[in-house]
1. Show me 71-83, 107-119 ranked by packing, highest mean number of other Cβ atoms within 10 Å first.
2. Treating only the Cβ atoms of Lys and Arg (+1) and Asp and Glu (-1) as charged, compute the dipole magnitude of segment 63-145 about its Cα centre; round to the nearest 20 debye.
3. Can you find, among VAL86, PHE130, ALA106, the residue farthest towards the positive end of the dipole of segment 63-139? Put +1 on the C-beta of Lys and Arg, -1 on that of Asp and Glu.
4. Amide H of VAL127 versus every other amide H placed in the peptide plane: which residues, excluding those fewer than 5 positions away on the same chain, fall under 5 Å?
5. Taking the Cβ of VAL64 as the centre, find all other residues whose Cβ is under 11 Å away and add up their charges (Lys, Arg: +1; Asp, Glu: -1).
Amino acid sequence: MRPVPPGPAFGTDAPVSTGRPGALRRLGERLTRSSHDFEAAELRRESADLGVVHIVDARPRTRVTVCGEVRSVTLRPREETPALDVEVWDGTESLHLVWLGRRRIAGIVPGIKVQATGRITTRRKVVTMFNPAYEIIGRAGQTHG
C-alpha cells in the first residue's frame with residue numbers, strides 16, 4: 001500500500017493558498033481598476049516612502065508633514081489681505097494649504113507634487129494648513145529622489 005501525502009485529499013483539485021492572490025487575479029484587478037484608483041495608490045505609496053503623514057491620519061492642532069499633488073490653486077481676494085488657497089490630494093484625502101498675504105507662489109501649479117509642514121486645523125469642515133513651509137518635489141507621475 002502506498003503512503004498518502006499530507007494536505008488536501010490526494011487526487012483532488014483543491015486549491016492551495018499561498019496567502020497572495022495569483023498572477024491572473026492580480027492582472028484582473030489591475031485591468032478593472034480606474035486610473036483614479038491607480039493614482040491614489042501611487043500617491044499613498046510615495047507618501048509612505050517619504051515617511052510623511054497621510055492627510056486622512058493628520059489630527060487637528062498637530063504639526064505634521066504631508067505630501068501630495070496640487071489639484072487646484074485659487075486666489076481669494078480680500079480687501080485687506082489676499083489669500084492663496086492650494087488644494088493638495090495625497091490619495092487618502094484633500095488638504096487646503098492657505099498662504100495669507102500671497103497672490104501667487106512660483107512653481108505652485110496644478111499637477112505639481114508638494115511637501116508641506118505645518119499645523120493642521122479644520123476651517124468650515126475643511127482640513128487646512130495656514131502658511132506652511134513647503135518644498136516642490138516634482139511633477140505628478142515623477143518619482144522623487
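1. Details: 71-83: 11.2, 107-119: 16.3.
Packing order, densest peptide first, comes out as 107-119, 71-83.
2. Values: 13 positive and 8 negative charges, 36 e Å.
Charge dipole of segment 63-145: 180 debye, to the nearest 20.
3. Looking along the dipole axis, the top candidate is PHE130.
4. HIS96
5. Working: positive: ARG59, ARG61, ARG63, ARG119; negative: ASP57.
Neighbour charge sum, excluding VAL64 itself: +3.
Rule-based calculations on the coordinates, nothing more; no lab input. Because the structure is a prediction, the values reported are computed rather than measured. Heads up, the Cβs are rebuilt from the backbone with ideal geometry, glycines too, and the neighbour counts pull from every protein chain shown.
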